[in-house]
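The values are calculated or read from the model by the stated rules, or taken from the named source; none is laboratory data. Everything quoted here is computed from the prediction, not taken from an experiment. Here Cβ is always computed from backbone atoms with ideal geometry, including for glycine, and neighbour counts include all displayed protein chains.
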């Protein structure tokens, strides 16, 4: 157990949060992502940077409750926990009352720091290498604990794991936005959709002013509103601030996002925005959003220009759309593929993509005819028929981030005129005739269009290990009789050896190890087999489990392995790796018809082998074995794929002797049924 030091650097939720003229109490809230293997037992460290000063290095400790401390170097800090460490070093996460950094879990810490001013960025990370040892962080909130305080948002949505994507353990995260807590509106004060915007424009060098006119597009829960703002002197001479008031009206419902666009007019069409302050004139709700980027019409300012030019596209999701942006980079000449990136507010599930070509006059006329034919099919109720499916693009796929384990594949295409698309006319506020190709899902099947992707790092930074040193630790209560434990790799089973506890080790934790050369490979599941000598009135209960390969610190955790074990029973647990869905558990039914058997009593065990794994030999209890009888057994096992083989093992009940059994066996599971005939002796 880690003792809490008596230091003014600590603050718990039960203690008063004190502020004075020079110091501020900040609440730090971390949301761990809702991803497979996103949870972690690491201690995070953070430095907060404000426009006045930066904080000390802060440690957000996994195994402590509601407080953080200033970082102090300690000899027990290791990037790779060494296999010679005592066993209790591996027990902190198992013993925590409520472990921090669980999947899709919010954890809040408090720290007292000098006044930092308006926060600009955070440096966040940990120092524990090992695949699965890291964490996936969705976002971080930092709140000033005063009545008129602010809440700062840092969106991350990335892995901090040496075995995932880019392998980074530490990241610098810029501020996304901040909110004035005291301005949170009450339900008694409705909004009329009137907003005030303060645009902080330009770079310190004097660049970034624009001659373009601005267009504000408000996306609400029930509609879209568009307002055009003419250019003035404050937009051209920068750095500057410009105050603009927009009435989006009440028809759009709750305002979800605002898009600011430039029309590209004049000698300086591009525009640089540092950040935008927003205020609801009715409710006095206030927030500020960091932009720090160009509205790039010319395509010369950034690598990801986001204004219409040449071949362009538009992503449409379940919440809103991305706006029109150019496809001007990343062309693969050999494959004819275009790749592009665009920044926008989260769109939800991608519904379709629109591609806008820049045709010649002849091409436009041809496209007109194709659009007319497509319109005929659509009006006759057969929209699944696509016209000119190979024109412009034959397929497309969209991925939100390299840290996302899937992408959307869009292959069903329609050619269309913009002037016939009421949705586009409303959102873009124009009747300009524009042709586009719309690509969505085949047969409206969203599920089949989502393709899984691996996010494991392809880098070979980690040295290959010559042998395994697996250590399994788990918390138990009830019966002290230890079970048998096996690691399963595909169809191979490796039994782990019980490690006797040393003096000072918690009595509620059991340890098992497997040292083997060469390495066994990627573990698929754990198999735990309880003793037949268990007292039915005092069953074995397994709670949290932790599996680590001490040779390279690869980690797998089981935060909710709540399972009581009946005597002589087997329970399997799938390995949960980062961004890889674990195999599901399936009920298997084994029906056995006896045709011939010897007179000696026996205990039968059955194992089903499939295309991916096996069930292990399962004891079949409670049946009366007689010639001509049919008995049925049901048990759960991690999905083994398509069953291909069944094996029957017979052990004498009392004195050893020859045992013979022959009969028919039926195996059913996951909608399939397979029949076998067994004729064997032991």
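Numbers at a glance
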read-out	value
Unmet requirement for residue 502, which otherwise passes all of (1) outside any strand (DSSP E or B); (2) in contact with a strand residue (DSSP E or B) (Cβ under 7 Å, 6 or more places away or on another chain)	(2)
Index of the failed condition, residue 342 passing every other in (1) modelled with pLDDT of 80 or more; (2) not in a helix (DSSP H, G or I)	(1)
Of the criteria (1) assigned to a loop (DSSP other than H, G, I, E, B); (2) more than 17 Å from residue 217 (Cα to Cα), which one residue 274 fails	(1)
Restricting the range 138-158 to residues that are free of Cβ contacts under 8 Å to residues at least 60 places away in the same chain and assigned to a strand (DSSP E or B), the residue that is surrounded by the most Cβ atoms within 10 Å (Cβ to Cβ)	152
Only one of 565, 494 that is crowded, with 21+ Cβ neighbours inside 10 Å and in contact (Cβ under 8 Å) with a residue 12 or more places away in the chain	565
Criterion: part of a loop (DSSP other than H, G, I, E, B) and at pLDDT below 70 - qualifying residue of 330, 348	330
